[in-house]
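These notes concern the structure reproduced below.
The values are calculated or read from the model by the stated rules, or taken from the named source; none is laboratory data. Everything quoted here is computed from the prediction, not taken from an experiment. Cβ placement follows ideal geometry from the backbone for every residue including glycine, while neighbour counts extend to all protein chains displayed.
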Amino acid sequence: MTATPRRSCTGRAARRPGSGAAPARSGARPARPQGRPAPSPLRQLLALSLLPLPLLLTLPGALTGGGGGSRRWFGGGGRGESRRAEAQAAKDAAANAFYELDTAQRDLRISVETISAVDDSPAGRRAVSDFAALGRKIDEASGTYIAAVDAVDLDRDELDGAAASRARRALDGAKDELTRVKADLDRFAESLGPLLGKAETQLARLAPAVERAKQSLLATTSALDTVRAQGLRADDLAARLATLAPELTRLNEGAARHGVAETIQRADRVRREAEALRAEAERLPERAGEIDRRLVSLRTRAEALTTRSAQVEPVLSELRRRFTAPCWQDLQHVPEEAAKHVAQAGTKLAEARQAREAQRWADATALLATVRALLDETDEAVSAAGDRLRQLNEVAKDPQREIERTRFAVRDAQRLAMTGRQTPDPRHARPLDDAVARLDRAVTALEGHHPDYWQFLRETEAVRGTAARVVELIREERGGS
């Protein structure tokens, strides 16, 4: 509960200092008319002295001011009024403390509700529970204050000095308790600074995030309309956009139903998906044109490979005629595989064209990728036959060129291994020695009748690979120098 004064059983309520005159008390004398001044005590005394003695005895309050009150004309009145004034001052101070606490509690409740709406972390939940505990302390202090106010009517004429003193002490104690609880509340409010800052940041992000999501959806819808105007259906994009409709409904329902953090996350997700759809929609005309160009390009390439595949058989015939079987056996399947792959590529191209006409862009793109892979494989196989014949012709004509090229690679690695050393590192020397021996064996194999030139070329390539690995190892060990 907030620190709001409740009405007592006598109908009085705590009065805010400075808020106006004291409430009229029950049984108070009517106000004296404004036009006639009140008689002085001396005049009242003279009037009473002229009355007969029996009549004078019938007036119980004559010597006390005529009101039946306790404010005597002679003796002790100053001390009683002083205690009444002290009690009233204590009441005003307690009222000030009460309303300061009430205002602070109301302000802090807004902060805690802000944190509760945004932060569901353990720290956020602990802040809510701590505020509830403080609320119970505030209720207790407020109850003590209200009880002290209701206990004594400081405006009563018959109030004696002892009662006024007791009221002052009770009101002072209530004020001290209200001040202590207010200090606890202030410390708690200060501790909420980081949580409140984070929560306010989240709240500040909420409205812009939702608005950006809605604008992105609107822009995507406009992009799809533009694409359709160009004769492109974009059915898949429209279907994906339709799946965002329930998310838009939840955004419209707001954070009050779904929470601030969840709403911000949903808005960001909707914005990203909508922007991705818009980008695809804007690229759709370009994508259609690209697919058309690729259809033409791949069809031309397939036709060229069909012509080149027909030339593989003559190449194989020359290889068979001039070189031993190990030099060409792995190429025997090339003509059949080339024809098969070119035929498959033609079939996939036809399917890709159908997908393009149906505006199934993803299917068309996937089919064109398959066509390209088939043609790449065919191109590599057809090229391998011609490259093999060229390499074998070169080594058969001048094997010494290949030998010198390989020996140079090995010697270069050996020089690097000896740089800055008296003896080579065994980890470097052993592979290079093995490479030299392997090259010597390959050279010796060429001395026979019908040498296997293809095996010779594979051996020299392997020797150069060993030398390159040793060089790389040495440079890594020496820090790349």
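Per-residue answers, yes or no, for (1) of a type in the set (D, E, K, R); (2) surrounded by fewer than 18 Cβ atoms within 10 Å (Cβ to Cβ):
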site	(1), (2)
Q105	no, no
I110	no, yes
P122	no, yes
I138	no, no
G143	no, yes
V152	no, no
D155	yes, yes
A162	no, yes
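Here are D172, D155: which of them is touching a residue at least 60 places away in the same chain (Cβ under 8 Å) and not in a helix (DSSP H, G or I)?
Working: D172 fails: not in a helix (DSSP H, G or I).
Of the residues listed, the single one that is touching a residue at least 60 places away in the same chain (Cβ under 8 Å) and not in a helix (DSSP H, G or I) is D155.
Inside the range 433-468, can you point out the residues that are loosely packed, with under 14 Cβ neighbours inside 10 Å and either more than 27 Å from K397 (Cα to Cα) or within 60 Å of the chain's Cα centre (by Cα) (or both)?
Passing the criteria: D434, R458, E461, G465, A468.
Taking the stated definitions as given, is A413 surrounded by 12 or more Cβ atoms within 10 Å (Cβ to Cβ), in the same structural domain as A462 (by TED's automatic domain parsing) and not hydroxyl-bearing (S, T, Y)?
Values: surrounded by 12 or more Cβ atoms within 10 Å (Cβ to Cβ): yes; in the same structural domain as A462 (by TED's automatic domain parsing): yes; not hydroxyl-bearing (S, T, Y): yes.
So A413 fits the description; yes.
Testing A350 on (1) in contact with a Lys or Arg (Cβ under 7 Å, 6 or more places away or on another chain); (2) assigned to a helix (DSSP H, G or I); (3) of a type outside the set (D, E); (4) over 30 Å from D434 (Cβ atoms), one condition comes back false. Which one is that?
It fails just one condition, (1).
Might you check whether a residue that is in a helix (DSSP H, G or I) and modelled with pLDDT of 90 or more occurs anywhere in the range 193-210?
We begin by selecting, within the range 193-210, every residue in a helix (DSSP H, G or I); these are 193-210.
Checking the rest, the ones that are also modelled with pLDDT of 90 or more come to none.
Among the residues of the range 193-210, not one is in a helix (DSSP H, G or I) and modelled with pLDDT of 90 or more, which makes the answer no.
Given (1) touching a Lys or Arg at 6+ places or on another chain (Cβ under 6 Å); (2) under 30 Å from E286 (Cα atoms), where does S165 come up short, assuming only one miss?
Failed condition: (2).
Got a sec? Which helices (runs of 4 or more DSSP H) wholly within the range 223-328 have at least 1 residues that are in contact (Cβ under 8 Å) with a residue 12 or more places away in the chain and closer than 30 Å to R388 by Cα?
Passing ranges, in order: 260-309, 312-322.
Which residues, taken from the range 230-244, are buried (at least 18 other Cβ atoms within 10 Å of the Cβ) and under 21 Å from V270 (Cα atoms)? Show your work before the answer.
Filtering the range 230-244 down to residues buried (at least 18 other Cβ atoms within 10 Å of the Cβ) leaves 232, 234, 237, 241, 244.
If the condition is that a residue be buried (at least 18 other Cβ atoms within 10 Å of the Cβ) and under 21 Å from V270 (Cα atoms), then A234, L237, L241, L244 are the ones that fit.
Taking the conditions exactly as written (loosely packed, with under 15 Cβ neighbours inside 10 Å and more than 26 Å from the chain's Cα centre (by Cα)), does V227 satisfy them or not?
Numbers: loosely packed, with under 15 Cβ neighbours inside 10 Å: no; more than 26 Å from the chain's Cα centre (by Cα): yes.
Answer is no for this residue.
Can you pull out every residue in the range 428-481 that is touching a residue at least 40 places away in the same chain (Cβ under 8 Å) and small (G, A, S)?
The answer is A467, A468.
For the range 435-461, give me the residue count where each residue is of a type in the set (D, E) and either closer than 25 Å to A413 by Cα or at pLDDT 95 or above (or both).
3
Checking the structure you have, find out if any residue of the range 424-432 is buried (at least 18 other Cβ atoms within 10 Å of the Cβ), more than 56 Å from the chain's Cα centre (by Cα) and within 24 Å of L319 (Cβ to Cβ).
No; the residues of the range 424-432 include none that is buried (at least 18 other Cβ atoms within 10 Å of the Cβ), more than 56 Å from the chain's Cα centre (by Cα) and within 24 Å of L319 (Cβ to Cβ).
Go through the range 408-430 residue by residue and tally those that are assigned to a helix (DSSP H, G or I) and farther than 12 Å from A462 by Cα.
To start, the set of residues in the range 408-430 that are assigned to a helix (DSSP H, G or I) comprises 408-418, 426-430.
From the residues that got through so far, the ones that are farther than 12 Å from A462 by Cα too are 408, 411-418, 426-430.
Residues flagged as assigned to a helix (DSSP H, G or I) and farther than 12 Å from A462 by Cα within the range 408-430 amount to 14.
Pick from L389, L374: which is closer than 30 Å to V296 by Cβ, of a type outside the set (D, E) and surrounded by 18 or more Cβ atoms within 10 Å (Cβ to Cβ)? Give the derivation first.
Working: L389 fails: closer than 30 Å to V296 by Cβ.
The conditions single out L374.
Regarding A242, is this residue in the same structural domain as R266 (by TED's automatic domain parsing) and over 27 Å from the mean Cα position of the chain (by Cα)?
Numbers: in the same structural domain as R266 (by TED's automatic domain parsing): yes; over 27 Å from the mean Cα position of the chain (by Cα): no.
Spelling it out, it is not the case that A242 is in the same structural domain as R266 (by TED's automatic domain parsing) and over 27 Å from the mean Cα position of the chain (by Cα).
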